[in-house]
1. Please go through (1) among the small types (G, A, S); (2) under 19 Å from the mean Cα position of the chain (by Cα); (3) under 21 Å from I216 (Cβ atoms) for G247 and return the number of the only condition it doesn't satisfy.
2. From E290, E311, which residue is at pLDDT 95 or above, surrounded by fewer than 21 Cβ atoms within 10 Å (Cβ to Cβ) and under 21 Å from A17 (Cα atoms)?
3. Looking only at the stretch 212-224, decide whether some residue is among the charged types (D, E, K, R), in contact with an Asp or Glu (Cβ under 7 Å, 6 or more places away or on another chain) and outside any helix (DSSP H, G or I).
4. Of the numbered conditions (1) surrounded by 19 or more Cβ atoms within 10 Å (Cβ to Cβ); (2) polar (S, T, N, Q); (3) more than 22 Å from P101 (Cβ to Cβ), S268 fails exactly one; give the number of that condition.
5. For the stretch 298-314, how many residues are charged (D, E, K, R) and under 15 Å from P101 (Cβ atoms)?
6. Within the stretch 41-63, is there a residue that is touching a Gly at 6+ places or on another chain (Cβ under 7 Å), in the same structural domain as L307 (by TED's automatic domain parsing) and not basic (K, R)?
7. Residues in the stretch 194-220 that are touching a Gly at 6+ places or on another chain (Cβ under 9 Å) and not β-branched (V, I, T): how many?
Amino acid sequence: MKILVTPTSFSKPVNKAAQEKLAAFADEVVYNPHGRPLTEEEIPQMLQGCDGYIAGLDYITADAIKKAPDTLKVISRYGAGVDRVDLPAARDKGITVTNTPGTNATAVCELAFGLMLSLARGIPQLDHAVKQGEWPRRNGIELNGKKLAVLGLGAIGRKLAARAQAFGMEVCAYDPYVDEGYARAAGIKVCDLQKAIGDADFVSLHMPLTKDTKHILGAEEIASMKDGVYIVNTARGGLIDEEAAHGALTNGKIAGLGLDVYEAEPVSASPLLKLGNVITTPHTGAHTQEAVSGMGMMSVDNLIAVLTGSECPYTVG
């Protein structure tokens with residue numbers, strides 16, 4: 001068995017147990033030499049002779065899958081999202097796709113909550129000012145008593161809602177597939193999209209990127225929000241129309257934006273990077289020791305299960 005491994009964090013010491021388990025199973029393990037997600041063109045080259053593929057945030061397009069070797073039997077996503085994998089193309093070629101749901105839920109929700117606190121109090125800006133020899137007085141806002149709209153009440157959204165409630169926030173959720181019984185028991189209001197974002201002081205996105213959710217926060221939706229709303233996105237960059245957000249940030253419609261994900265990654269030329277009311281992190285939501293080790297072991301277990309013909313409960317598509 002020959003296996004390609006592309007997530008850069010898989011090779012870190014925190015994943016030693018997963019690395020050893022994979023090495024014991026495979027005859028050869030090939031690691032990503034680029035230190036970044038693979039491109040569409042690089043994927044087929046790296047996959048030559050491979051039976052399995054533990055995939056990070058590579059763009060696994062239909063063309064990349066078409067050019068992949070016939071030996072490839074499984075793409076084991078290191079993470080929950082599969083929006084960068086062309087699932088129909090994989091299915092047509094007989095390739096099983098798996099993921100690791102829930103392993104990074106706490107990590108991502110805690111980053112989202114950290115971004116909310118940072119926006120509310122201007123923590124990064126104050127840190128920068130003090131280090132520059134300044135001693136500013138800046139009035140932030142409290143989360144207590146504010147309304148939070150959680151867009152996507154899956155594992156991450158649920159955890160964020162619980163933390164927000166502990167801080168005295170009122171939580172409303174929009175999710176087309178919401179479990180209303182869970183929401184009622186958890187004290188979360190279920191709203192349609194317009195109601196959720198129209199009443200919110202804070203909006204946090206936790207949805208997959210699909211043709212239906214792309215730019216779910218576009219110019220029209222942003223215009224319908226309260227003046228001075230704060231938005232956090234730790235899900236997928238394409239959920240927000242960045243051009244529309246930029247305009248709303250400059251005219252005060254959006255008071256602050258916290259981003260871990262972007263329409264194009266790695267981000268470098270976006271005008272959002274020049275705004276003082278935007279806090280950015282480098283798609284690091286899942287990067288805690290606990291989440292990384294959990295994703296590593298589950299992605300290996302999923303790959304081995306498929307390649308040995310065992311049952312794998314985490315197949316997608």
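1. (2)
2. Working: E311 fails: under 21 Å from A17 (Cα atoms).
Sole residue among the options that is at pLDDT 95 or above, surrounded by fewer than 21 Cβ atoms within 10 Å (Cβ to Cβ) and under 21 Å from A17 (Cα atoms): E290.
3. No, that holds for no residue.
4. Of (1) surrounded by 19 or more Cβ atoms within 10 Å (Cβ to Cβ); (2) polar (S, T, N, Q); (3) more than 22 Å from P101 (Cβ to Cβ), only one is false for S268: (1).
5. Pass one, the stretch 298-314, residues charged (D, E, K, R): 301, 311.
Add one more test, that the residue is under 15 Å from P101 (Cβ atoms), and what stays is 301.
Matching residues across the stretch 298-314 total 1.
6. no
7. Total satisfying the criteria: 10.
Listed here are the residues, each with its yes/no results for (1) surrounded by 20 or more Cβ atoms within 10 Å (Cβ to Cβ); (2) assigned by TED's automatic domain parsing to the domain that holds R84; (3) more than 19 Å from L160 (Cβ to Cβ); (4) of a type in the set (A, V, I, L, M).
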position	(1), (2), (3), (4)
K211	no, no, yes, no
G218	no, no, yes, no
L259	yes, no, no, yes
G296	yes, yes, yes, no
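The values are calculated or read from the model by the stated rules, or taken from the named source; none is laboratory data. Here the structure is a predicted model, which is why all the values come from computation and not from measurement. No Cβ is skipped: glycine too gets one built from the backbone with ideal geometry, and neighbour counts run over all protein chains shown.
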